[in-house]
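I have a structure here, written as structure tokens, and I will follow up with some questions on it.
Bear in mind these aren't lab numbers, they're just calculated from the coordinates by the rules spelled out. What you are looking at is a predicted structure, and each value in this text was computed from that prediction instead of being measured. Don't worry about glycine lacking a Cβ; one is built from the backbone with ideal geometry, like all the others, and counts go over all protein chains shown.
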């Protein structure tokens, strides 16, 4: 059996929600920054049974609204 026959590709299903920690990693900021963004109403979150979750659609919308379209003059 060839080595390539033994390699299995595992597709990861994208999660519909972020935790504060996973969103902080995605945005390359601290968890405190994410918590402040939630507190200040910049991004929506859901809290249930002591868990806070942020919807991926809300993150995508937040990022689209904060895109900096300015171009640097060469």
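Would you please classify the overall shape of the range 16-65 from the alpha carbon gyration tensor, given that a ≥ b ≥ c denote the square roots of the eigenvalues, rounded means a/c under 1.5, and beyond that prolate means a/b larger than b/c while oblate covers the rest? Don't skip to the answer; put the middle values down first.
On the way: a/c = 1.33, a/b = 1.17, b/c = 1.14.
Because its axes are fairly even, with a/c under 1.5, the range 16-65 counts as rounded.
Sticking with this one: At a 10 Å Cβ-Cβ cut-off, how would you order 45, 61, fewest neighbours first?
Values: 45 19, 61 13.
Ranking 45, 61 by Cβ neighbours within 10 Å, fewest first, gives 61, 45.
Right, here's the next one. Most exposed first by the Cβ proxy, i.e. fewest other Cβ within 10 Å, how do 55, 60, 68 rank? Kindly include the intermediate steps, with their values, before the conclusion.
Working: 55 15, 60 10, 68 5.
By the 10 Å Cβ count, ascending: 68, 60, 55.
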